[in-house]
1. When you go through E65, E76, E41 one by one, which is the residue that is under 27 Å from R119 (Cβ atoms) and surrounded by 15 or more Cβ atoms within 10 Å (Cβ to Cβ)?
2. Do the conditions hold for F47, that is, is it modelled with pLDDT under 95, among the hydrophobic types (A, V, I, L, M, F, W, C) and in contact with a helix residue (DSSP H, G or I) (Cβ under 9 Å, 6 or more places away or on another chain)?
3. If I go through the stretch 131-155 residue by residue, how many of them are touching a strand residue (DSSP E or B) at 6+ places or on another chain (Cβ under 8 Å) and free of Cβ contacts under 8 Å to residues at least 24 places away in the same chain?
4. For the stretch 134-145: of the residues being open to solvent by less than 10 Å² (accessible area, probe 1.4 Å) and modelled with pLDDT of 95 or more, which is farthest from F78 (Cα to Cα)?
5. Could you please find all residues in the stretch 92-128 being surrounded by 14 or more Cβ atoms within 10 Å (Cβ to Cβ), at pLDDT below 95 and over 17 Å from the mean Cα position of the chain (by Cα)?
6. Pick out the one residue from Y89, Y51 that is out of contact with any Asp or Glu (no Cβ under 6 Å at 6 or more places or on another chain), surrounded by 17 or more Cβ atoms within 10 Å (Cβ to Cβ) and in a strand (DSSP E or B).
7. Is at least one residue of the stretch 17-37 within 25 Å of L126 (Cβ to Cβ), open to solvent by 30 Å² or more (accessible area, probe 1.4 Å) and not small (G, A, S)?
8. Does A80 meet the test of being at pLDDT 90 or above and either assigned to a strand (DSSP E or B) or under 25 Å from Q122 (Cα atoms) (or both)?
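The values are calculated or read from the model by the stated rules, or taken from the named source; none is laboratory data. Being a predicted model, the structure only gives us computed values, none of them experimental. Ideal geometry is used to build each Cβ from the backbone, glycine not excepted, and the neighbour counts take in all protein chains shown. Calculation scope for accessible area: heavy atoms of the full protein, side chains included, ligands and nucleic acids excluded. Shrake-Rupley method; radii C 1.70, N 1.55, O 1.52, S 1.80 Å.
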Amino acid sequence: VYTLMGLLRGLAYRGAWEAVFDFLETEVQQQASVRDYLAGEKVLQGFLLAYLNVADYYLTWSERELGGGFADIYLEPFLAKYRDLKYGYLIELKYLKRGAYSAARLTELVADAAAQLRRYAQDARLARVKEHVQLKLLVLVYHGWELVHREEIQA
């Protein structure tokens, strides 16, 4: 937990998101069972939500309605408590079932996720947050429990 808390602080104040999701990939691989593969993306989303809520830098939203869709994870900066936070995050998860991986399919999923994130980021309700913090748009693609693609998308 101590390691995760330090990584989450870096996420909130320095925009250092890669290390957080590398750490979480390892945790998911150590704790997931073969039966968890059956539920795929939702199990991964549950793991990420649990770990991302260890620190209270964010109000963590799952399936938050934004821009005519539902963002998988929205880390809304808890500005009432942490007025000096620098970053907020919209995260779109994509999941490739075991045996369904191809470079073409990965490219397609990343493009779909990027388009979704750009649409969500335009939601009027995020305008106030974007006045105070930089909103980062992240695509995470998992193949089974392996994080095969992670990318920050430009709005």
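1. Exactly one residue qualifies, and that residue is E76.
2. It is true that F47 is modelled with pLDDT under 95, among the hydrophobic types (A, V, I, L, M, F, W, C) and in contact with a helix residue (DSSP H, G or I) (Cβ under 9 Å, 6 or more places away or on another chain).
3. Result for the stretch 131-155: 1.
4. Looking at the filtered set, the residue picked out is V141.
5. Y101
6. Result of the check over Y89, Y51: Y89.
7. Yes - at least one qualifying residue is present in the stretch 17-37.
8. Taking the combined requirement at face value, the residue satisfies it.
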